[in-house]
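A quick write-up on the structure given underneath.
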């Protein structure tokens, strides 16, 4: 199979690698789409091997694929052809420490000790692969947003309209939060937030205090 290998600063090479060997509890997934995380970009720009991706390693951790081989002891609920998102933290026995090396930029990914709703998540084939590949950043945004235990009546501010900020806002709005405001300095990104149904504040044209007061009002303390 072909795989993108990280060799240091601005040095990524596509190489031929042996196909992973599927053990009794493993599943082999053929990658359909892989997303590029900001973390991937920053590590490649810096070029050190101690920042989450080891020199000479496969990498990538945002991906969607289809199951092509199943170990003999894997539960029957996982089947050939199933479209799945992969949790990079639980996909390998080494866990979080090597989650950035989950082979998202390789043609095939070996998922060890495979289980549905643990390291594999079924995705209906009606969802385009380009959209399904957002499952990992969506989970990051949603986890961050709901770790604060928001309530429908809360006035919620999301700082930053990058991919994670927008996905956090989308998750909140989808769960019935009506007063979500996204703050950024990029009008194009803020337009995307507005398209989701969020309020917006552009702090390149107003202060954060003035912008939020315009949406939520002020209180006397």
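The values are calculated or read from the model by the stated rules, or taken from the named source; none is laboratory data. For clarity, every value in this text was computed on a predicted model and none was experimentally measured. Using ideal geometry, Cβ is built from the backbone for each residue, glycine included, and neighbour counts are taken over all protein chains shown.
Given the criteria touching a strand residue (DSSP E or B) at 6+ places or on another chain (Cβ under 9 Å) and under 23 Å from residue 15 (Cβ atoms), does residue 99 qualify?
So residue 99 fails the test.
Using beta carbons and a limit of 7 Å, which pairs, at least six apart or on different chains, have the first residue in the stretch 59-70 and under 12 Å from residue 131 (Cα atoms) and the second one part of a loop (DSSP other than H, G, I, E, B)?
62/37; 62/104; 62/133; 63/104; 63/133; 64/123; 64/133
When residue 140 is evaluated against the numbered criteria (1) within 30 Å of residue 181 (Cβ to Cβ); (2) free of Cβ contacts under 8 Å to residues at least 24 places away in the same chain, which criterion, by number, is the only one it fails?
Result: residue 140 fails condition (2) only.
Across the stretch 128-141, what is the number of residues that are in a loop (DSSP other than H, G, I, E, B) and out of contact with any helix residue (DSSP H, G or I) (no Cβ under 9 Å at 6 or more places or on another chain)?
Residues that pass the stated criteria total 2.
Might you let me know whether the stretch 45-63 holds any residue that is crowded, with 18+ Cβ neighbours inside 10 Å and farther than 26 Å from residue 164 by Cα?
No - not one qualifying residue is present in the stretch 45-63.
Please go through the stretch 68-109 and give me each residue that is outside any loop (DSSP other than H, G, I, E, B) and closer than 18 Å to residue 56 by Cα, ordered by number.
97, 98, 99, 100, 101, 106, 108, 109
What about residue 3, is it at pLDDT 95 or above, touching a strand residue (DSSP E or B) at 6+ places or on another chain (Cβ under 9 Å) and not in a loop (DSSP other than H, G, I, E, B)?
Values: at pLDDT 95 or above: yes; touching a strand residue (DSSP E or B) at 6+ places or on another chain (Cβ under 9 Å): yes; not in a loop (DSSP other than H, G, I, E, B): yes.
Criteria met by residue 3.
Condition first: surrounded by 13 or more Cβ atoms within 10 Å (Cβ to Cβ) and assigned to a loop (DSSP other than H, G, I, E, B). Now tell me which residues in the stretch 199-216 satisfy that.
203, 206, listed by residue number.
Checking residue 188 against (1) in contact (Cβ under 8 Å) with a residue 40 or more places away in the chain; (2) part of a helix (DSSP H, G or I), which single condition isn't satisfied?
Failing condition for residue 188: (1).
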